[in-house]
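S.K.: Sharing a structure below in structure tokens format, with a few things to ask.
The values are calculated or read from the model by the stated rules, or taken from the named source; none is laboratory data. Remember, predicted model here, so these are calculated numbers, not experimental data. When we count neighbours, we look across all protein chains shown, and the Cβ atoms used for this are built from the backbone with ideal geometry, even at glycine. Quick note on the areas: whole protein, heavy atoms, side chains included, nothing else; ligands and nucleic acids left out. Shrake-Rupley method; radii C 1.70, N 1.55, O 1.52, S 1.80 Å.
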Amino acid sequence: MSKKLAILGSTGSIGRQTLEVVDMFPGEFEVVALSAGSNAALLTEQIRKYRPAVAALMDENYLTALKDGTAGLKVEIAGGLEGLTAAATYPGVDIVVTAVSGRIGLIPTLAAIRAGKTIALANKETLVAAGSLVMAEAKRCGVRIVPVDSEHSAIFQCLEQQSPVSRLIITASGGPFRGKTRKELQAVNRDMALHHPNWQMGAKITVDSATLMNKGLEVIEARWLFGFGWEQMSVLVHPQSVIHSMVEYQDGSILAHLGQPDMRIPIQYALTYPDRRANRLERLNLIGKTLSFEEPDLETVPALALALAAGKRGGTMPGVLNAANEVAVNLFLQNKIGFLAIADLVEKVMSRHRVVDNPDLDQILTAD
Ligand code: NDP
Ligand code: MG
């Protein structure tokens, strides 16, 4: 029987690659629900090709365009956050791929969990803002959350739950500005930041990779996904992005996951889990490759340090870090602030925030 999928953020980088994985396994997956932010044109194309039962568009200004483009097709069209939630909870859906960018994914993800759907999670901001709540709800509902993020997929695959782990080693490419001084970073603009050496991704996460905020968000994401303490989390810069992350066990053995930097591999694993399936994607060729490792530079670009501090402080602080970062990255993408101002802004907002411990959903959303 085919697995029925809902893809939140189907028009984005992860969403489109999820559909490529669906294409790689004819008959195995059925696309039942799709959603986008405002890209009605691409969503229309996807509806025509995959014939979902429901499609949602967050920005209701484009709903008419979507309805016109899909007139005559048997598809339910929904708008706004309610629409996204309807897509995430649609009856019969087995797996919800959360591939929206930003904290906006939180409400639909919680709804999907409460509806008993397996979550293939790419949308890390949701776990950063509300990891405690989301994981508790998944546990209560008996729902599995399978990571899509490459580092977390790597750790997920390297974890032998029964053996004692000493630490998780989350690898980081270091982004396009590795080795640059603060003075050099003052001159960095949007186009330079959007050029990542190893991965093709959406704009927000590409900027997060350049500031290393992405790695900070990923440490918080890993903390919630795998339940280890902060002292067991470490970050290692590995510019070649061949090792996607590692788990060190108490006997000193380290298990590493290696592969091509191709998100379709972890997406496929999340969709076929617990099975591992053959595919025709390009194989990793290690001949002639040199793998190198460095300590992250926490001073030059302080976002990683800020994220680690927010994670350790807990309560509403990680959500506030994330919200400030979303706004700051947006301003940077509009050429309204400089590169270094992103972390400065986040730091300022964090310093003014009064943390609420053990927050409920309302308190998390208010802090956001
Ligand atoms: P993109 O920006 O490429 O895509 C984001 C998707 O979310 C699009 O479908 C977009 O719709 C939709 N969207 C954006 N804003 C909203 C909104 N306010 N409401 C509803 N939908 C919205 O992002 P990525 O695919 O790169 O990243 C998605 C998530 O996956 C992020 O959390 C990221 O951190 C994570 N991730 C991404 C990786 C990658 O390689 N890209 C790797 C690991 C994790 P529209 O097209 O209409 O704007
Ligand atoms: Mg990642």
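S.K.: Would you pick out the residues in region 10-27 that are within 16 Å of ligand 2 (Cβ to nearest atom) and assigned to a loop (DSSP other than H, G, I, E, B)?
M.R.: GLY12
S.K.: Which residues, taken from region 1-21, are buried (at least 23 other Cβ atoms within 10 Å of the Cβ) and over 25 Å from ALA65 (Cα atoms)?
M.R.: Answer for region 1-21, where residues must be buried (at least 23 other Cβ atoms within 10 Å of the Cβ) and over 25 Å from ALA65 (Cα atoms): just VAL21.
S.K.: Just to be sure before I move on: is GLY175 touching a Gly at 6+ places or on another chain (Cβ under 7 Å) and within 16 Å of ligand 2 (Cβ to nearest atom) in the structure I sent? Before the answer, list the steps.
M.R.: Values: touching a Gly at 6+ places or on another chain (Cβ under 7 Å): no; within 16 Å of ligand 2 (Cβ to nearest atom): yes.
Here the answer is no, as GLY175 does not meet what is asked.
S.K.: Moving on. Consider only pairs whose beta carbons are under 6 Å apart and that are at least six residues apart or on different chains; among these, list those whose first residue lies in region 33-45 and is in contact (Cβ under 8 Å) with a residue 40 or more places away in the chain and whose second residue is part of a helix (DSSP H, G or I).
M.R.: Close Cβ pairs (under 6 Å, with a partner that is part of a helix (DSSP H, G or I)) amount to ALA33/ALA87; LEU34/GLN46; SER35/LEU84; SER35/ALA87.
S.K.: Run MET24 past the list (1) within 6 Å of ligand 1 (Cβ to nearest atom); (2) surrounded by fewer than 24 Cβ atoms within 10 Å (Cβ to Cβ); (3) in contact (Cβ under 8 Å) with a residue 40 or more places away in the chain and report the number of the one that doesn't hold.
M.R.: (1)
S.K.: I've got another one for you. Out of ILE169, ILE205, I need the residue that is within 13 Å of ligand 1 (Cβ to nearest atom) and closer than 23 Å to ALA310 by Cα. Which one? Working first, answer last.
M.R.: Working: ILE169 fails: within 13 Å of ligand 1 (Cβ to nearest atom).
Result of the check over ILE169, ILE205: ILE205.
S.K.: Okay, moving on. Within region 78-97, can you find the residues that are without any contact (Cβ under 8 Å) to a residue 60 or more places away in the chain and touching a Pro at 6+ places or on another chain (Cβ under 6 Å)?
M.R.: THR85
S.K.: For region 139-155, which residues satisfy the criterion of being surrounded by fewer than 18 Cβ atoms within 10 Å (Cβ to Cβ) and in a helix (DSSP H, G or I)?
M.R.: LYS139, ARG140, CYS141
S.K.: I'd like to know if region 165-179 contains one or more residues that are out of contact with any His (no Cβ under 9 Å at 6 or more places or on another chain), of a type outside the set (Val, Ile, Thr) and in a helix (DSSP H, G or I).
M.R.: No.
S.K.: Answer yes or no: is there a residue in region 28-45 that is within 16 Å of ligand 2 (Cβ to nearest atom) and of a type in the set (A, V, I, L, M, F, W, C).
M.R.: Our first condition is that a residue be within 16 Å of ligand 2 (Cβ to nearest atom); within region 28-45, this holds for none.
For region 28-45, residues within 16 Å of ligand 2 (Cβ to nearest atom) and of a type in the set (A, V, I, L, M, F, W, C): absent.
S.K.: Can you name the residue in region 262-273 that is open to solvent by 40 Å² or more (accessible area, probe 1.4 Å) and in contact with a Leu (Cβ under 9 Å, 6 or more places away or on another chain) and is also nearest to SER166 (Cα to Cα) among such residues?
M.R.: ILE265
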